[in-house]
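So the structure is just underneath, and the comments pick up after that.
The values are calculated or read from the model by the stated rules, or taken from the named source; none is laboratory data. Just so you know, these numbers come straight off a predicted model, no measurement behind them. Positions of Cβ are backbone-derived with ideal geometry, glycine not excepted, and every protein chain shown enters the neighbour counts. All accessible areas refer to the heavy atoms of the entire protein, side chains included, with ligands and DNA or RNA removed. Shrake-Rupley method; radii C 1.70, N 1.55, O 1.52, S 1.80 Å.
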Amino acid sequence: MMETVKVPELLAPAGGWDALVAAVQNGADAVYLGVKSFNARQSADNFDRDLLVKAIDYAHIRDVKVYVTMNILLADAELEEAVCLARFLYEAGADGLIVQDLGFAKLVKELLPGFPLHASTQMTVHNLTTLRFLKELGFERVILARELSLKEIDRLKQECNLELEVFVHGALCVCYSGQCLMSSLIGGRSGNRGRCAQPCRLPYILMEGEKEIGAEGPYLLSPRDLNLSSCIGDIAETGVDALKIEGRLRRPEYVATVVSIYRRILDRGRKGRYYITPEEQRDLAQIFNRRFSKGYFYGNPGRDLMNYTQPNNRGLFVGRVRRYDARSKTALVALDEELCVGDGVDFWVSVGGRVSLEIKELLVEKKPVKCAPAGSKAVIPVEGPIRAGDRVFKIWDAGLLRKARGSFASEKEAIAIPLRIDVRAAVGEPLTVRVKDFNGHTGEAATEVLGQEALKHPLTAEVIERQLSRLGNTPFHLQELNCDIRGNVMIPLSALNEARRQALKQLMNQKAAEKRRRLKPYEEFRQDWQNIWARVSANQPVRAAKPELVVAVGTLESLKAALRAGADTVCFPGEGLGPQKPVGLDEVGDALRLCDLAGAKFVFWIPRIVRNHEITRWLRFLEEYKKDIDTVMTGNLGILGMLAKTGLQVYADYPLNIFNRVTAASLKRIGIKRMTLSPELTLAQVRELSRSVACDFEILVQGSLPMMVSEYCVIGSVRGGRNTRQRCRGPCREHRFYLKDRKRVLFPVAVDRDCRMHIFNAKDLCMVEHLSALKDLPLAGWRIDLRLKDASYAAAVIGIYREALDIVYEDPSVFEAKAAKYKKHLESLSPSGVTKGHYFRGVL
C-alpha cells in the first residue's frame, strides 16, 4: 500500500454511554449518536441533553469527533422543536449533523450556517448528480447508499468535492434506505421516522401464481451482515473519507470488539498494508453475525447476500452432537472450537428450531473442566429434543465479552495522547507545571507552597518524571519532559502531584470548550425562526377549479386504457415493471402521440433509482423528444436538481419524501412546479401543508403502493438461480409472483427493466369514498398508480374515478349517494382488499 493513500476516519456507533466509551477507548476517530428524539434509532438508549454534553466533552478531550443523528422526516409541528435542538447541539460543540429531511437541512443551513451537514443514507444517494446537488444545498459529507460497488464509489469520489462515508460493517437493509414503506404500511411504524419494526426479518414464502416455490429457508428478505474488513485496502485507495460501522442498537461489547479490530486494520494500513488476521475474523463472527457478506461491493451477489435460514445471530459453529442421553439429559459434543464455562450455545435441533443455554458445566473424559479444547469430546448438560448429528453454535464467548467489557468498564484508559510537560522549580518560588499536547492545547498550574532549600533530598528530574508519569486514569501519557530546576530545591511530592492534576484539568477543560460555540441570544434566534416560518407560510394556496385525474402507467396498453377512460394527465413509463419488454424510444413516441390526440398532458416519468451508468439512457429520451416533452417527473433528487435548470417543467415524485412545508417551499424555490406529497402524511397534515405553500400538489388516491425497492431480487435468487457466480434465468418475465407472509397475506413482487425488485402492499389504496374531503383541499392532482396493473383494471378504475371526480364537483349530494357503490366496485377489483393508507391513522 502506497504511503500516500489516506487512512479514512473510523466512525463508530454509540447507542448509549457505555457504547460511546467502548468506541472511544477502542480507537474510533469519530462516533455517531442520537438524542432522545428525532433520530432513526428510536429504540436505542440514546442521550438526553445533559448526557449529550457530557458525551461531546468526553469525546473531544480524547480527540474524537461527535456526529449527531437527526435523520428522520419531520412534520410541520415538529420543526420548531427540531431547530431548537439543533441549536443546542451546535452550541454544545457537535462536529456534524446527520439529516434526512431536506426542509430541516434548509433550516439548519439558514439558522446555523456553520453547522456541518451530513446527508444520511436515508437520502438514498447513489449517483453523481445527487452529490452535486447536495453540494449546492450546503452539505459537507454524504453517507452513500450501501448498494454501490467499489467502482462506483471510486468514480464518485474522484468526480465530486464532498466528503464521502461508506458502511463497512453491520446490518444491511434489503431495501434502499429511505425508500422502504414496508414497516410503515404493514404496522404503522415508519422507518422514515425511526420506528422500523423490521418485517423484512420475518418468514415469507415465494409464490409463483398459486404455487409455492421452495427455498433454502423462509427468511427470504433477511440479508446477511456486511463485513468489508478484508477490503479496507481497496476502499482506502478510493480516497473515501470515513468508514462507518453500523450498530447503534448493539451492546457495547459488540462496539468494542468491532471497533478495535477495524482500528488495528487501519493502523496496519498506515504502516504499509491493510490486512485482517484469522483470529480477528473469528472474533468479528463471534461477537455477532447473520453470516457475512461483502454486500454489493464487488457486484450484485444475488442470493449470496441473504441468510434464508436465520434472521438473527448465528454465532460460530463449534461442533456436532455425537450422542444424547435422555436419562441424564447430557449431550456428547465433538468440538471443532474451544468451548468454556460461561459461553452461550445454540443446539440446532432437527425438530423445534434451537435449544439455547449458557454453559454451566463441562466434562471432558469424565472430569470437570473450565474449558474444553478443540478436538475434544465434551459432555454438556442440556434438556431438549436433541439428537446425534445436531450442530452446535457458540452464540457468545465469555472470554471475548470479558475482554471487550474491560476496555470500557475499567477506570484505566486505553487512549494515550502524548504530552510535553515543562516544570520550573526554584527556591522561594512556587513550582509550575505546564502541559501541552501536540495540537497546541495547554494547561498550567502552580503549587501553593514555595520551594525551600533542600537539606537532604533535592528535587531531581528523575523524581519529577516518576511523579508526572502517573497518568494512568487520564487519556494522556508523558512523551517529553523539560525540567528547569534552579538550585537545591525541595517541594512536597503531594504538592507536585496536585499541580499536575490541576494543569491536566485545565488542559482538558480547554479541549472540551474548544468546539463549543456562542450564538446570538435565544430570543433573537427564535425570532429568526419565526421569520422563516412566516415566509414559507404566507403564500396563498394554488387552488385549481378541479384537480386533474393523474394516472401513472408503465405500458402502452395501460396508457391507452387510461386515455380512453378519461385521464387528464398520464405519467409514463417509470421503472417498467412486469413481463413486457422495456420501453424504448418508439414506445415513448407512441405515448406522446396518443396523449396529444386525446388532449391529455404527457409527463415523462423517470424512476427514483437511477445509477450513474443509467442516467444517459434517460437523458436520451429527453434529447430525442426535446420538442415534445416539456414536463418530467422524478423521485431521484439529483436528476430533479439537474433538470430544474433546463427550462423543463419538473415534478417532484413522492419518493423524495416531501413531508413538511419547508421542504416544499425549498423545492419550489429551485423551480419545481408540482410535488406529490409523501403517502405517510395524514389528510390533516396534507391540508395544512397544501394551504401554506403556493405550489401545485398532488396525492395518491388509488393503486398499489410500493413498499420496497431493492437491488436484490427474491424471484431471481430463489426461482432464477442468481448468485455471485450465476446470472438469472429471468422467470419474472413469464409469471406473476408474490410473497406470502405468516398470516397468508400475499404481497405482489415485480421486477423492473434493471432487474430491481419492487414489493407492493397487498391491499390497494382506495380513497374514492372520501373524495368529498379531498375536494376541500387545494390540490392540483389526484393520482392513480397503475404501474402494477393491466389495461382492463386501468379502464375500470379510471372510469370510476372519472365519474366520481366530475360528480363530486358538480353535485356533491349525488356523489354521496353513489360513494358506497364506487367503493364496492373497486373492492371487487382488489381481491386482497383495500386500505386508506395513512390518511387517517398516520405513522409512529
Considering each residue of segment 219-232, count those that are surrounded by fewer than 17 Cβ atoms within 10 Å (Cβ to Cβ) and either among the hydrophobic types (A, V, I, L, M, F, W, C) or part of a loop (DSSP other than H, G, I, E, B) (or both), and give that number. 0
Checked Val749, Val808 against criteria (in a helix (DSSP H, G or I) and either under 23 Å from Gly214 (Cβ atoms) or in contact with a helix residue (DSSP H, G or I) (Cβ under 6 Å, 6 or more places away or on another chain) (or both)); the one match is Val808
Open to solvent by 50 Å² or more (accessible area, probe 1.4 Å) and either closer than 30 Å to Ala59 by Cβ or among the hydrophobic types (A, V, I, L, M, F, W, C) (or both): is that true of Arg518 in this structure? yes
Starting from residues that are within 17 Å of the chain's Cα centre (by Cα), assigned to a loop (DSSP other than H, G, I, E, B) and without any contact (Cβ under 8 Å) to a residue 40 or more places away in the chain, keep the ones in segment 140-160 and report whichever is surrounded by the most Cβ atoms within 10 Å (Cβ to Cβ). Ala145
Of the residues Glu216, Glu163, Glu210, which is surrounded by fewer than 21 Cβ atoms within 10 Å (Cβ to Cβ) and under 19 Å from the mean Cα position of the chain (by Cα)? Glu163
Restricting to segment 54-73, what's the tally of residues that are within 19 Å of Ser43 (Cα to Cα) and in a loop (DSSP other than H, G, I, E, B)? 3
Does Arg841 satisfy the criteria of being open to solvent by 10 Å² or more (accessible area, probe 1.4 Å) and under 25 Å from Met182 (Cβ atoms)? yes
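The rows are residues; the columns are (1) closer than 23 Å to Arg290 by Cβ; (2) open to solvent by 20 Å² or more (accessible area, probe 1.4 Å); (3) free of Cβ contacts under 8 Å to residues at least 12 places away in the same chain.
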position: Glu337; (1), (2), (3): yes, yes, no
position: Val345; (1), (2), (3): yes, no, no
position: Val349; (1), (2), (3): yes, no, no
position: Ser356; (1), (2), (3): yes, yes, no
position: Ala374; (1), (2), (3): no, yes, no
position: Ala378; (1), (2), (3): no, no, no
position: Val382; (1), (2), (3): no, no, no
Mind listing whichever residues of segment 817-838 are closer than 29 Å to Ala40 by Cα, open to solvent by less than 40 Å² (accessible area, probe 1.4 Å) and part of a loop (DSSP other than H, G, I, E, B)? Gly837, His838
Could you please give the count of residues in segment 586-619 that are open to solvent by 10 Å² or more (accessible area, probe 1.4 Å), over 22 Å from Thr129 (Cβ atoms) and among the hydrophobic types (A, V, I, L, M, F, W, C)? 6
Would you point out which residue out of Leu504, Leu471, Leu496 is modelled with pLDDT under 95 and outside any strand (DSSP E or B)? Leu471
Residue pairs meeting the criteria (Cβ under 7 Å; at least 6 apart or on separate chains; first under 27 Å from Val258 (Cβ atoms) and among the aromatic types (Phe, Trp, Tyr), in segment 168-187; second open to solvent by less than 10 Å² (accessible area, probe 1.4 Å) and assigned to a strand (DSSP E or B)): Tyr176/Val709; Tyr176/Ser710
Taking Ala684 as the residue in question, decide whether it is touching a strand residue (DSSP E or B) at 6+ places or on another chain (Cβ under 6 Å) and open to solvent by 20 Å² or more (accessible area, probe 1.4 Å). no
Within segment 189-207, the residues that are of a type in the set (A, V, I, L, M, F, W, C), touching a Ser or Thr at 6+ places or on another chain (Cβ under 9 Å) and open to solvent by 40 Å² or more (accessible area, probe 1.4 Å) are Cys196, Ala197, Leu202
Per-region count, segment 797-841, residues more than 22 Å from Lys546 (Cβ to Cβ), within 40 Å of the chain's Cα centre (by Cα) and in contact (Cβ under 8 Å) with a residue 24 or more places away in the chain: 12
Taking the conditions exactly as written (out of contact with any Gly (no Cβ under 7 Å at 6 or more places or on another chain), outside any loop (DSSP other than H, G, I, E, B), among the β-branched types (Val, Ile, Thr) and crowded, with 17+ Cβ neighbours inside 10 Å), does Ile186 satisfy them or not? yes
Would you check if there is a residue in segment 40-50 being open to solvent by less than 50 Å² (accessible area, probe 1.4 Å) and closer than 28 Å to Ala684 by Cβ? yes
Selection within segment 297-324 - open to solvent by less than 10 Å² (accessible area, probe 1.4 Å), more than 17 Å from Ala378 (Cα to Cα) and either small (Gly, Ala, Ser) or in a strand (DSSP E or B) (or both): Gly302, Met306, Gly315
Per the filter on segment 233-250, residues assigned to a loop (DSSP other than H, G, I, E, B) and touching a Leu at 6+ places or on another chain (Cβ under 9 Å) are Gly239, Val240, Asp241, Glu246, Arg248
